[in-house]
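A short write-up of the structure that comes next.
The values are calculated or read from the model by the stated rules, or taken from the named source; none is laboratory data. Only a predicted model underlies this, so the values are computations on that prediction, with no experimental measurement involved. Positions of Cβ are generated from backbone atoms using ideal geometry, with glycine treated the same way; all protein chains shown enter the neighbour counts. Surface accessibility is based on the protein's heavy atoms, side chains included, excluding ligands, DNA and RNA. Shrake-Rupley method; radii C 1.70, N 1.55, O 1.52, S 1.80 Å.
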Amino acid sequence: MSNYETILVEKRGGIAVLTINRPDKLNALNSKVHAEGVTALDELRTDDEVRVVVITGAGEKSFVAGADISEFAGQTAVTQRNSFLEKTLFNSIDTFPKPVIAMINGFCLGGGCELALACDIRMASEKARLGQPEINLGIIPGGGGTQRLTRLVGEGKSMEMILSGEMIDAPTALNLGLVNHVFAPEELEAKTMEMANKIAEKAPVALQMAKEAVKLASRSNLDEGMRREVDLFAICFSTEDKEEGVAAFLEKRKPIFKGK
Ligand code: COA
């Protein structure tokens, strides 16, 4: 992998762990993190060894404490709009074809919460604090927060988080469905890797089709979603892995998927 200044990328078997590495700034997302993250995900996208990506933050304290607020100072409406319409980490994760898991080890605020929301599954530490505090700066979420959070937890709870700017703790986030699981801090990594490895064993094409189909549920009407699901389901029938999966079931053995 390339060398980066603001992120670390480590491959552990079929799992790539992408760590946002600015712990002294609580891993705030500056333009360099976005640019390097986008480049890294572009590499991981075409790396056949990588089946699942885990995204986390460096250090004990923070996943990502939001956009780097120092970059907002003096920013005009047009430059800010363009930078968020261009290649961002949020968009790269959203269009990434393989499963992406957020491992939320601490503060998960603003753009950090939006980053986690762009991921497919969110695993959190009991220490995690989540929120959309942009309102405290006189702005609103701009990396998908108003849309993805609302789709995930419903309008009332999303409104409360976005209008109040208050942080919530991990059990509350679990209760809302904002995170999938909460673990003791010392267990978070092992449990996240367990989940990642479980998913990495599945057929890659089926994983990609499944992701696309599930995402359609909040982006299309029911008829369109049902129609597209059948197409994506049918694409799985063009793979060798589907033959392997069916044969393994009938032969009462574990399938070995090749990603073909
Ligand atoms: N952008 C830029 N720098 C940030 C940052 C952000 N979003 N969040 C934290 N930092 C920096 C702090 O400025 C500080 O840097 P310094 O040591 O050079 O002064 C460092 O990270 C540590 O943060 P600090 O505020 O001292 O830690 P804390 O434990 O007292 O508070 C938070 C933690 C998360 C409550 C606090 O940092 C915070 O409110 N951050 C901003 C969260 C936010 O509004 N995010 C949305 C942005 S749109």
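Observations
- Here the range 106-120 is the region considered, the condition is being over 18 Å from LYS32 (Cα atoms) and in contact with a Pro (Cβ under 7 Å, 6 or more places away or on another chain), and the residue that is least open to solvent (accessible area, probe 1.4 Å) is LEU109.
- Given (1) open to solvent by less than 10 Å² (accessible area, probe 1.4 Å); (2) at pLDDT below 95; (3) out of contact with any helix residue (DSSP H, G or I) (no Cβ under 6 Å at 6 or more places or on another chain); (4) not small (Gly, Ala, Ser), number of the condition THR88 does not satisfy: (3)
- Checking each residue in the range 46-77 for being in contact with a Pro (Cβ under 9 Å, 6 or more places away or on another chain) and either within 11 Å of the ligand (Cβ to nearest atom) or farther than 21 Å from ARG122 by Cβ (or both) picks out ASP48, GLY59, LYS61, SER62, GLY66.
- Close pairs (7 angstrom Cβ cut-off, 6 or more residues apart or separate chains): open to solvent by less than 80 Å² (accessible area, probe 1.4 Å) in the range 224-249, β-branched (Val, Ile, Thr) anywhere: CYS236/VAL205; THR239/VAL205; ASP241/VAL205; GLU244/ILE256
- When the range 170-184 is filtered for residues that are over 21 Å from GLN147 (Cα atoms) and open to solvent by 60 Å² or more (accessible area, probe 1.4 Å), the ones remaining, listed by number, are PRO171, HIS181.
- Criterion: over 16 Å from the mean Cα position of the chain (by Cα) and within 16 Å of the ligand (Cβ to nearest atom) - qualifying residue of LYS191, LYS157, LYS127, LYS202: LYS127
- Tallying residues that are among the aliphatic types (A, V, I, L, M), more than 9 Å from the ligand (Cβ to nearest atom) and not in a strand (DSSP E or B) within the range 130-140 yields 2.
- As a summary of the residue check, ASN175 satisfies the conditions (1) touching a residue at least 12 places away in the same chain (Cβ under 8 Å); (2) within 19 Å of ALA102 (Cα to Cα) except for the one numbered (1).
- The number of residues in the range 194-212 being open to solvent by less than 30 Å² (accessible area, probe 1.4 Å) and in contact with an Asp or Glu (Cβ under 7 Å, 6 or more places away or on another chain) comes to 2.
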